[in-house]
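**Student:** Before anything else, here's the structure in question.
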Amino acid sequence: MEASERRLIEDYLPVLGISAECTREKLGGHYLSQGQPRNLHLWWARRPLAAARAAVYATLVPAPATDAQRKSLDVFLKELCRWDKDRIARLDEARRQILEAAGGRPPKILDPFAGGGAIPLEALRLGCDATALELNPVAYLIELCTLVYPQQFGARLRDELARWGTRVIERVRAEVGDLYPRIPDAAGKGRARRPARQLDWEGKEAEPDGLTPIAYLWTRTVPCPNPVQRTHVVPLVRQTWLVRKKGRYVALRVIPDRQAMQVRFEVVSATSEGGLGFDPAAFSKRGEATCPLCNTAVSSEYVKQQGKTGRMGRQLMAVVAWRPDGRGKVYLEPDRALVPDDGDVLRRVEKLCAETGLTPPDEPIQDQDTMNIKVPLYGLTRFRDLFTPRQLLTLLTFVKHIRRAHEEMVGAGVDAELARAVATYLALILDRVVDRSTSLCHWDWSWEGTSNTYARQALPMVWDFSETNPFGGSSGDAAEFLRHALLVIDHCAAAGRPARVDRGSATRLPYADATFDAGGTDPPYYDNISYADLSDFFYVWLKRSVGHLYPEHFTGELTPKRAEIVAVPYRHGDDKARARRAYEALMEEALRECRRVLKPAAPLVAVYAHKTTAGWATLIKALRQAGFVVTEAWPLDTEMPDRVGQMQTAHLASSIFIVARRREGDDTTGDYLHRVRPRLQAIVAERVRTLFGLGISGSDLVIAAVGAGLRAYTEYARVELPNGDELDEEAFLDEVQREVLEVVLAQVMRVDRAGVGAVDRPTRFYVLARYEYGEAAVDFGEANILAKGLGVELDGPGGLSERPAPLVRKVKDTVALLDYTARGADEALGLPRDGAPPRLIDVLHRLLWLVEHTPAKVGEFLAAAQPDGGQLRLVAQALAGQPLGRAAGRGDGPAERTREQQALDRLLASWRPVVEETLFTRGGRP
Ligand SMILES: C[S@@+](CC[C@H](N)C(=O)[O-])C[C@H]1O[C@@H](n2cnc3c(N)ncnc32)[C@H](O)[C@@H]1O
């Protein structure tokens, strides 16, 4: 295949099928047993493997020649993206096609922002030579463990890890297992009074019949601010739910004991929520609370101040343990449990550090309030502050034994590189334990487990937290993480040969010019995620566990920030504009480097991880200025479906795959009027027609057509207007959107461009918005782009959400179209106003309403409205039409049609007598 030959990704992608596989992958528990690499270590914004596989495959094989070939790809790609019974059905065939297209030599693929490594892993699996580059040392280790070590060592790595992993866990358990003693069963003899060392090196248990604790549930506390009585503490617990399942409700009742001036917690269960007799969610909000003992108000400012002066404490509320039969959990009140004394534990931490030379993670937490890292506001300013003394001791003991295991492996003659690989895997397993072992993990009553620290891309303050037992066999269990890691090795080893993995900045790639056949990457996007700030949390532990094995990558106190491509103001004197400019400049530099190392005309697929096209301009600008032509774009659903919001909010693609090519013959100038514009029109007309024919519809079609339209502009380094001024990206993007919308509208209404022009703009907006979003509410920004593309405004004077006769309803950040049932009762709707003719959509909505409620008034209304009957019918047909049905995610059966579509069906069936003849007899245009 010639480098410049059109690729599949520039022609057709069955986006619905691939998106469905992505969702299946993100939701699917079955991927756990298949060693999905995301189970090895957290990395933010990992793309699903299915999307990465589809993108790599489609970038490397030629475009099909016929429609029949195109259609056959629907099944082929869906099967290629699916994991079925431990295998991918079409993998061998896909590899063969790729190799053949590359002339029998594995193509070289580069991802210069490799993160969790999804794209290079899929490139390996498809038989390519993959190169991954990443700035962040944490991601670098994840990449080594998924793209290099498993492929290099295979079963040897698996076996060594199984052996050493088990050994490390046993050793740590022997050393600190006494911190999590079994709890005497209530049915047994008496209650335990004092902590006893109950587990020994052999794992013998002094309390063999007791209950195994899984999690200790704590509330944070502050001294009560009551100026008279300052001797007691206020619990800051936010909510006390323990289980909330149909038929089983368990929560803690807060009991103020005013004699002892102490708050107690009592476990209460019921078969209904009401049966509990109290509201478990009625406690502190953002740290603001009322003292249950003396009713003094506690402000969040006071809480912050207490935190900063080291006076925030914690109180045990309950302990969760396995039932004696091991099936299900029991919730115990605090006095049933044995909890070691903090002072004793801290003395053990000191002793451990003195013996080993280790230190607790005293590194500072980035204390800018900008990145959702809120804990420093409450005095948790160092990473060590995120851990209870017990957590600190356990984690440091893990570090000690990982280091010892590495020394023993080397001493026992295990290959040095293999020993390093095993130790690195152990360190990543420890990171998973760390992620479940902070005072920011909360008890999740929906699945009765402990959440991880980074349940969100943030370090928010948590008022009640769950401290797990890493040997308890529940969430946060070290042995379980080891089991996952072993599966990940098998999974990745099966992907083929090792990749080349480098750590460095994408702005200075260590590769020769014209090295790679293609690029596939998912670049960071403005301030979306500050990977470096978030990953410091893991870095401080990796530095301790295996940093000495990677001296060139773990010398810094924290992760490198200077070269990170991210728009965070705190790194630019709190100046947002400067931060954005820095991001844009670095991104352009990185893409320029990318162009340099790609072969002439080689394709590059860049993921734009947003639902809307609002921010495209930046990436398009950077690509164009770096010497790329944008040739296509595909919207894919790569994220977890929002189960709550999905029905009410339009389900838009969460990533857009932008396809670009190295532009050859730089410094060309395009004449906008004579070259660029005619080409834009030709591309868009062809693309919309083809995509329609392939069954792609709604916002997917619009995005794909806009992507293709950008080619007309990005083919030139500079595009000039007739007056010699340069046309910028934003202006052109607006123009492409407008062009696409008009062409789509013409298709939907089955008229030519002139026919579209005769329909008023608000009506055009309504038809297209129904086409794109169906019945669902949509993000305001997204709908606004559509509105502006059609020359109307959503809000402000004369906006579509304004009175009289609003066409859309705005609720917070979303807008929803109003249908005839919401609008039609307005008697003035659809009548001329101030001498201006009515909007067609208003006439239609009023007409639908009258036909349904007061048919006798239809004649009078039409006589007053005087619509153009032909145009009105076109609008009615478009709104009732097939493409709309599909865009709304509905079929064509009567039960699946919206209420408005059903009303339109009835009206269209009786159009002649109801509309045409009435207009004819009343002097209108039928
Ligand atoms: C969106 S993520 C990639 C996610 C990846 N595709 C996955 O599936 O896991 C972007 C990555 O770019 C990295 N990055 C930021 N600045 C960089 C730079 N200057 N050079 C290389 N990588 C950088 C970040 O650390 C982050 O891992």
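**Student:** Based on the alpha-carbon gyration tensor of region 788-886 and its eigenvalue square roots a ≥ b ≥ c, which shape applies: rounded if a/c is under 1.5, prolate if not and a/b is larger than b/c, or oblate?
**Tutor:** Details: a/c = 1.59, a/b = 1.31, b/c = 1.22.
Prolate is the answer for region 788-886, as a/c is 1.5 or above and a/b outweighs b/c.
**Student:** A follow-up question, please. Just the Cα atoms of the chain: what Rg and Dmax do they give in Å?
**Tutor:** In Å, with Rg to one decimal and Dmax whole: 31.6, 102.
**Student:** Mind ranking 476-482, 631-637, 453-459, 717-723 by how tightly packed they are, going by the mean number of other C-beta atoms within 10 angstrom, highest first? Kindly include the intermediate steps, with their values, before the conclusion.
**Tutor:** Values: 476-482: 21.1, 631-637: 25.6, 453-459: 17.3, 717-723: 13.6.
Taking the mean over residues of other Cβ atoms within 10 Å, the ranking is 631-637, 476-482, 453-459, 717-723.
**Student:** Related question: In region 337-383, if every C-alpha pair distance is counted and binned at 10 Å from zero, what percent goes to each bin?
**Tutor:** 23, 31, 31, 15
**Student:** If I take R0 = 51 Å and measure r between the Cβ atoms of residue 905 and residue 669 in this structure, what FRET efficiency does the formula 1/(1 + (r/R0)^6) give, to the nearest 0.05?
**Tutor:** FRET efficiency, residue 905 to residue 669: 0.45.
**Student:** Hey, what's the Kirkwood Rh for region 725-808 if you take every pair of different alpha carbons, in angstrom? Walk me through the numbers on the way to the answer.
**Tutor:** Values: mean 1/r = 0.0739 Å⁻¹.
Across region 725-808, the inverse of the average 1/r is 13.5 Å.
**Student:** Next question. Enter the angle in degrees (range 0 to 90, nearest 10) between the Cα long axis of helix 67-81 and the first principal axis of the Cα atoms of the chain, meaning the one along which they spread out most.
**Tutor:** Relative to the chain, helix 67-81 is tipped by roughly 10 degrees.
**Student:** Accessible area per residue for the chain in Å², computed with a 1.4 Å probe and the full protein assembly in place, what is it? Walk me through the numbers on the way to the answer.
**Tutor:** On the way: 37030 Å² over 926 residues.
Accessible area per residue, the chain: 40 Å².
**Student:** In addition: For region 301-314, in order, what is each residue's ³J(HN,Hα) by Karplus, 6.51 cos²θ - 1.76 cosθ + 1.60 with θ = phi - 60°, in whole Hz (x at glycine and Pro)?
**Tutor:** Listing the rounded values in order: 5, 4, 4, 4, 5, 4, x, 5, 9, x, 10, 8, x, 8 Hz.
**Student:** Can you give me the long-range amide H partners of residue 47? Hydrogens built in the peptide plane at 1.01 Å from N, cutoff under 5 Å, separation of 5 or more residues or another chain.
**Tutor:** 118
**Student:** Right, something else. Under the 0.36 nm per residue contour assumption, what length would be gained going from the current alpha-carbon distance of residue 455 and residue 323 to full extension?
**Tutor:** Contour length minus Cα-Cα distance gives 44.8 nm.
**Student:** What aspartates and glutamates does residue 308 reach when the alpha-carbon gap must be under 20 Å and sequence neighbours fewer than 8 apart in one chain are set aside?
**Tutor:** Answer for residue 308, where 20 Å is the Cα cut-off: 288, 342, 362, 363, 367, 369, 385, 464, listed by chain and number.
**Student:** Enumerate the amide H contacts of residue 214 below 5 Å, restricted to partners 5 or more residues apart or on another chain; note that Pro and chain-start residues carry no placed amide H.
**Tutor:** Correct list: 320, 321, 322.
**Student:** Further, regarding this structure: Over region 325-479, what relative contact order in percent results from Cα pairs under 8 Å that are six or more residues apart? Can you show the working numbers first?
**Tutor:** Working: 176 pairs, mean separation 29.9, N = 155.
With pairs under 8 Å counted, the relative contact order is 19 percent.
**Student:** Rounding to the nearest 10 and keeping the result within 0 to 90°, find how far the Cα-based axis of helix 698-709 lies from the longest principal axis of the chain.
**Tutor:** 80
**Student:** Give me the number: length gained by fully extending residue 548 to residue 717, i.e. 0.36 nm times residue separation minus the C-alpha to C-alpha distance, one decimal in nm. Please report the intermediate quantities before stating the final value.
**Tutor:** Numbers: separation 169, 0.36 × 169 = 60.84 nm, distance 4.76 nm.
Net length gain for the segment: 56.1 nm.
**Student:** With a ≥ b ≥ c the root eigenvalues of the C-alpha gyration tensor of region 1-135, is it rounded (a/c under 1.5), prolate (a/b larger than b/c) or oblate?
**Tutor:** Numbers: a/c = 1.87, a/b = 1.28, b/c = 1.46.
It comes out oblate by the Cα gyration axes.
**Student:** May I ask you to evaluate 6.51 cos²θ - 1.76 cosθ + 1.60, the Karplus curve with θ = phi - 60°, for each residue of region 48-53 and list the ³J(HN,Hα) values in order in whole Hz, giving x for glycine and proline?
**Tutor:** Per residue, the Karplus-derived 3J(HN,Hα) values read x, 4, 4, 5, 5, 5 Hz.
**Student:** In degrees from 0 to 90, rounded to the nearest 10, what is the angle of the helix 389-411 Cα long axis to the longest principal axis of the chain?
**Tutor:** Tilt of helix 389-411: around 90 degrees.
**Student:** In addition: What distance in nm lies between label points placed 7 Å from Cα along the C-beta direction at residue 856 and residue 836?
**Tutor:** Each label point lies 7 Å from its Cα, and together they span 3.4 nm.
**Student:** Quick check on packing: order 395-402, 263-270 by the mean number of other C-beta atoms within 10 Å, highest mean leading.
**Tutor:** On the way: 395-402: 24.9, 263-270: 17.1.
Going by the mean number of other Cβ atoms within 10 Å, highest first, we get 395-402, 263-270.
**Student:** Rounded to the nearest 5, what % of DSSP beta bridges with both residues in the chain are antiparallel?
**Tutor:** 75
**Student:** Return the carbon/sulfur percentage of the accessible area of the chain, one whole number, probe 1.4 Å, all protein chains in place. Could the numbers behind the result be given before it?
**Tutor:** Values: 18160 of 37030 Å².
The value for the chain is 49 percent carbon and sulfur by accessible area.
**Student:** To the nearest 500 deg cm²/dmol, what mean residue ellipticity at 222 nm is calculated for the chain from DSSP H runs of n ≥ 4 alone, each contributing -39,500 (n - 2.57), summed and divided by the residues?
**Tutor:** Working: 31 runs with 369 residues, N = 926.
Rounded to the nearest 500, it is -12500 deg cm²/dmol.
**Student:** Something else: For residue 449, what residues show an amide H to amide H distance below 5 Å, using hydrogens built from the backbone and excluding near sequence neighbours?
**Tutor:** Residues meeting the amide H criterion: 444.
**Student:** How large is ³J(HN,Hα) for each residue in region 672-685, as worked out from phi by the Karplus curve 6.51 cos²θ - 1.76 cosθ + 1.60 (θ = phi - 60°), to whole Hz, x for Gly and Pro?
**Tutor:** Values per residue, Gly and Pro as x: 4, 5, 8, 10, 5, 5, x, 5, 4, 4, 5, 4, 5, 4 Hz.
**Student:** Mind checking the full-extension length gain between residue 285 and residue 446? Use 0.36 nm per residue of separation minus the Cα-Cα distance, one decimal, nm.
**Tutor:** On the way: separation 161, 0.36 × 161 = 57.96 nm, distance 2.05 nm.
Result: 55.9 nm gained on full extension.
**Student:** Moving on to the next point. Only loop residues by DSSP count here, and only those with at most 11 other Cβ atoms within 10 Å; note down the GluC sites (Glu not before Pro) in region 742-778 that meet that. Show your work: numbers first, answer last.
**Tutor:** Details: sites: 742, 772, 775; in loops: 775.
Passing sites in region 742-778 do not exist.
The values are calculated or read from the model by the stated rules, or taken from the named source; none is laboratory data. Remember, predicted model here, so these are calculated numbers, not experimental data. Because the Cβ atoms are built from the backbone with ideal geometry, glycine has one as well, and the counts that use them run over all protein chains shown. Surface accessibility is based on the protein's heavy atoms, side chains included, excluding ligands, DNA and RNA. Shrake-Rupley method; radii C 1.70, N 1.55, O 1.52, S 1.80 Å.
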